[in-house]
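Following: one structure in structure tokens, then a few remarks.
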Amino acid sequence: MTAALTAQGLEKRYGSTVALGGVDLEVGEGELVGLLGPNGAGKSTLVKIACGLVRPTRGQAEVCGARAGSRDAKRRLGYLAELFRFPGWYSADELLDLHQRLAGSSGGAQERAELLELVGLTEARDRRVEQMSKGMQQRLGLAQALVGSPPLLLLDEPTSALDPVGRRTVRLLLEELQRRGTSVLLNSHLLSEVELVCDRVVILLRGKVVTEGSPAQLSRPRGIEIETDEGIALHDGTREDVPRLVAELVAAGRQVYGVRVLTSTLEDTYLEAVGGETS
């Protein structure tokens, strides 16, 4: 099975500045991978190489088996940039029609209607872009990235302009895309969003991968908090130790009111990985 995106030994230098210092990364079919890291870590450079907007100094990247930047690779991906701009005089329907022609999609009016419904903009079909809120424009940007049903989506901060309701809409959309087998590389600063939707997380720092794994793999036990008639106390151990600890406390005459297994969050793991680097 061909991966949706692979990067092997990917390097990019701008003079003496190293943007990427040998990155290996893979996004499997139907996998949603979160890309994290502070500003300057190399996230945008990696995405631009995958899109064919930047050529690597060394190494290679492939999209569904095709060399990144080739016509075949470009046909197989959809992209939403963080700072995108659409012509303000276009309606939502007209904008998607334009991108259908650019992408060579034959989906026509039915595809446009399905995409607008998918991102919650059916009622705004004839509304001009300049009359839309930032959140609506963001969702329209997601719709244009999905024109032609590309097997890979590259999303750069897709929830940055959205309120909590809009972010939930995007989460549900990503879950639906996963069910359809679409692969997603999600670049986001919202760690809570990444933790909720991503199968795997990759953390970049100074052009290198410093940590990767599923959110569950990246969480580590921090002990067990048990509330008794003597108050709340922290005990060493993991989930498997809970029955023993509770039995010991009960045998000692304690009344047990609550038990909470503590684990590190993705935020804890991220801060540990990047140290004092700021986003």
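Between the listed residues V33, P56, L83, the Cα displaced farthest toward the positive end of the dipole of the range 5-215, a dipole computed from Cβ unit charges relative to the Cα centre, is found at P56. Annotation: amide H of A68 within the under-5 Å range of A61, E62, V63, sequence separation 5 or more or interchain, hydrogens built in the peptide plane. Placing +1 on the Cβ of every Lys and Arg and -1 on the Cβ of every Asp and Glu, with nothing else charged, gives the chain a dipole about its Cα centre of roughly 1280 debye. Computed from phi, the 3J(HN,Hα) profile of the range 232-237 under the Karplus parametrisation 6.51, -1.76, 1.60 (θ = phi - 60°) reads 9, 9, 9, 10, 6, x Hz, with x in place of Gly and Pro. For the pair the range 108-154 and the range 237-264, the centres of their Cα atoms are 50 angstrom apart.
Convex hull volume of the C-alpha atoms in the range 1-107, normalised per residue: 137 Å³. Per residue of the chain, the DSSP helices (runs of n ≥ 4 H) give a summed -39500 (n - 2.57) that works out to -10000 deg cm²/dmol at 222 nm. Taking a straight line from the alpha carbon of K208, these lysines sit under 26 Å away, with near neighbours fewer than eight places off in the same chain left out: K12, K43, K48, K74. Under 5 Å from the amide H of Y79 lie the amide H atoms of L154, each residue being 5 or more positions distant or on a separate chain, with H modelled from the backbone and absent for Pro and chain starts.
Evaluate the Kirkwood expression for the hydrodynamic radius of the chain, namely the inverse of the mean inverse distance over all pairs of different C-alpha atoms, and round to one decimal in Å. For the chain, the Kirkwood estimate is 20.8 Å. Amide H to amide H, with H built 1.01 Å from N, R222 comes under 5 Å of L262, T263, S264, counting only residues 5 or more places away or on other chains. Reported to two decimal places, what Rg/Rh ratio describes the range 139-279 when computed on Cα atoms with Rh from the Kirkwood expression? Rg/Rh for the range 139-279 comes to 1.12. Using Cα-only point scatterers and the Debye equation, what is log10 of I(q)/I(0) for the range 221-263 at each q in 0.20, 0.29, 0.35 Å⁻¹, rounded to two decimals? Log10 of I(q)/I(0), two decimals: -0.52, -1.05, -1.33. Peptides 57-70, 102-115 ranked from most to least packed by the mean count of surrounding Cβ atoms within 10 Å: 57-70, 102-115. In this rough spin-label picture, where each label sits 7 Å from Cα along the Cβ direction, the V246-T2 distance is 5.2 nm.
Laboratory data are not the source of any read-out in this text; all were calculated from the coordinates shown. Everything numeric in this text was worked out from a predicted model, so none of it was measured. Here Cβ is always computed from backbone atoms with ideal geometry, including for glycine, and neighbour counts include all displayed protein chains.
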